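Worksheet: one structure, shown below.
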Amino acid sequence: MRPSGLATPRELVHYLNQYVVGQENAKKVLSVAVFNHYNRVHANLRAMYYDDPPHLSRADFTDNPSNKSASYEEPAAGVFRSHMPMPPFEKSNVLVLGPTGSGKTLLAKTLASVLDVPFSVSDATTFTQAGYVGDDVDMCVQRLLQAANYDPYKANMGIIYIDEVDKIARKSTGPESTRDVGGEGVQQALLRMMEGSIVNVPAKGPSMPPPTGVTRSGRGQAVPAPVQWPDSYAVDTSNILFILSGAFVGLENIIRKRMAKGSIGFTANLSSEEAPSPPGGLPFFARSSNGNVLSQVEPSDLVKFGFIPEFVSRVPSITTLSPLSPSDLRKVLTEVKGSLISQYTALFGYSGIEIRFTSGAIDQICRKAAARGGGARGLRGIMETLLLDPMYEAPGSGIKHILIHEAVVLEDAPPQYWGAGKAEASKFWSAWSAEEQRYTGDLA
């Protein structure tokens, strides 16, 4: 039976569609994982507190010959089925692969806003092995406990999201003179936590004021009773869902080499070299011209990338995100909730300034972002550069209307400004309408 108030995977995907563009498969995988996490926690807790005790179960009682009378008849199949103890549900941790700017972190943050279980976000780049400078892996459990308001019971059923997990890959496969405290050492420390263990988190102080008790001293005077807070909290990670994500730069080359070894013929590329980066782009921004290569990933590829097999086996559910196309970037720019256009429009609106972008300018911004790489993060960099002069000139001046058209994005013309008044506003709208008609005619 589904717990009341629990959103279905389809409802979760519908909610994610309002903020995240594309990535349909990743949305399905994460929504199903979260839905199953809710059901698994609910079923395990119900089995723990509501099922018959193991020492007095119905099956043991009916199987005892001493309890059967002469007139006893075997019950029909299925009579006691609803009373049989449910098997424990094992969790399926999720690994999300995708290039930078494709929406990995946004998916996690959006899910966190709709869930009613504790949710914590950690960065794997700060993790080191215990005893070295940096954060211990127990820090992610401590953040989850803080999100649960220091309630271990709620934290036991939370979700931990670890970003940039590809940064803890093994740095080298050969013998080393120094220990890899930020790579394989962190993986080893995460193994027991992801599988399920008791993590003792030191108490950092209660979130609520301590209760005040009153006792009587030997003289009859009322003195405050000392309140002892626990020195540490025990958090059981058996029911905590782990969602890991990373860009995994270089994994595409490993996948290509594996796939090339299986090819046959004179055109087979048995020693595939690293694909050169396109001119004018950055090498660490993944752009695949022949589809998303990361979707062909296998556990053996992750092992070659630098993860130990025990770590890979603890993330059975793997999903990939595709690089954003220019049409996807346009949706990020204009359609989704909290789009960049709406953000900058509101930012200028605080100063009493109206700014508009023509369709030609928006399309040119998306083409520029696709050529630069970096996904949605590349859009913000282009917008900041494009609007630097208007953000400097307009506040505190007589400018009330700003128009950004295609020539401004191509750096062939400066932005157009108008002052206050109906006449200036009419010129502003006329200029915007003329640019729209010109661009529509060029497309036709």
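The values are calculated or read from the model by the stated rules, or taken from the named source; none is laboratory data. None of these values were measured; they are calculated from a predicted model. All Cβ positions, glycine included, derive from the backbone under ideal geometry; neighbour counts span all protein chains shown. Keep in mind that these areas ignore ligands, DNA and RNA; they rest on the heavy atoms of the full protein, side chains included. Shrake-Rupley method; radii C 1.70, N 1.55, O 1.52, S 1.80 Å.
The table for this structure:
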{"item": "Odd one out for Arg380 among (1) free of Cβ contacts under 8 Å to residues at least 24 places away in the same chain; (2) open to solvent by 40 Å² or more (accessible area, probe 1.4 Å)", "result": "(1)"}
{"item": "Within region 333-386, tally of residues that are farther than 23 Å from Leu321 by Cβ and not β-branched (Val, Ile, Thr)", "result": "19"}
{"item": "Which numbered condition Met391 fails, given (1) out of contact with any strand residue (DSSP E or B) (no Cβ under 6 Å at 6 or more places or on another chain); (2) assigned by the TED database to the domain that holds Ile341; (3) more than 22 Å from Tyr350 (Cα to Cα)", "result": "(3)"}
{"item": "Flag if Ala444 is of a type in the set (A, V, I, L, M, F, W, C), over 39 Å from the mean Cα position of the chain (by Cα), more than 30 Å from Gln23 (Cβ to Cβ) and at pLDDT below 90", "result": "yes"}
{"item": "Qualifying residues in region 172-196 (those that are outside any helix (DSSP H, G or I) and surrounded by 13 or more Cβ atoms within 10 Å (Cβ to Cβ)) - the one modelled with the highest pLDDT", "result": "Gly196"}
{"item": "Within region 303-328, considering residues that are of a type outside the set (Gly, Ala, Ser) and free of Cβ contacts under 8 Å to residues at least 60 places away in the same chain, the one farthest from Arg372 (Cα to Cα)", "result": "Pro309"}
{"item": "Qualifying residues in region 395-444 (those that are of a type in the set (S, T, N, Q) and assigned to a helix (DSSP H, G or I)) - the one nearest to Ala369 (Cα to Cα)", "result": "Thr440"}
{"item": "Pairs, first small (Gly, Ala, Ser) in region 422-433, second open to solvent by 60 Å² or more (accessible area, probe 1.4 Å), C-beta under 7 Å, six or more apart", "result": "Ala431/Gln416"}
{"item": "Residue identified as over 19 Å from Lys331 (Cα atoms), in contact with a helix residue (DSSP H, G or I) (Cβ under 8 Å, 6 or more places away or on another chain) and either open to solvent by less than 30 Å² (accessible area, probe 1.4 Å) or without any contact (Cβ under 8 Å) to a residue 12 or more places away in the chain (or both) among Pro414, Pro390", "result": "Pro390"}
{"item": "Residues of region 4-44 classified as over 18 Å from Thr319 (Cβ atoms), hydroxyl-bearing (Ser, Thr, Tyr) and not in a helix (DSSP H, G or I), total", "result": "2"}
{"item": "Failed criterion for Met208 (all others in (1) modelled with pLDDT under 85; (2) among the hydrophobic types (A, V, I, L, M, F, W, C); (3) assigned by the TED database to the domain that holds Ser313 hold)", "result": "(3)"}
{"item": "Some residue of region 354-365 being within 23 Å of Val29 (Cβ to Cβ) and of a type in the set (A, V, I, L, M, F, W, C)", "result": "no"}
